[in-house]
Amino acid sequence: MLTSNVRIDRESENILREMTEHEHLSRGKIIQKALIIYRRKCFLDNCVRAYAVLKSDGKTWKDEMSEREAWDSTVGDGLKKD
């Protein structure tokens, strides 16, 4: 396993210590989980910004809605729902 050292401030150190005690996980695992959550948050934030840009252009947004309507018609494809 590749390891590295990272400097963190006192407050972050305290939070990390508290979480390792509460979650019964290693510091590395806590940091890994936090990074995964943060990456997801950044992805969703970028999606929100992209949709805002899309919605700000009336024609482009209308095209998007038309395409969604076209895809919505595939629900009635005759297949049984699971």
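Taking only protein heavy atoms and a 1.4 Å probe, the accessible area of the chain is 57% carbon and sulfur. Each Lys or Arg adds one and each Asp or Glu takes one away; over the other residues whose Cβ falls under 14 Å from the Cβ of residue 50, this sums to -1. Take the chain with all the other protein chains still there, run a 1.4 Å probe, and you get 99 Å² of accessible area per residue.
Taking all pairs of different Cα atoms in the chain, averaging 1/r and flipping that mean, what Kirkwood radius in angstroms comes out? About 17.4 Å, per the Kirkwood formula over Cα pairs. In the chain, the calculated helix contribution to ellipticity at 222 nm averages -24500 deg cm²/dmol per residue, counting -39,500 (n - 2.57) for every DSSP H run with n ≥ 4.
The values are calculated or read from the model by the stated rules, or taken from the named source; none is laboratory data. Please read these numbers as outputs of a predicted model, since none were measured by experiment. Neighbour counts run over all protein chains shown; Cβ positions are idealised from the backbone, glycine included. Side chains included, ligands, DNA and RNA excluded: accessible areas come from the protein's heavy atoms. Shrake-Rupley method; radii C 1.70, N 1.55, O 1.52, S 1.80 Å.
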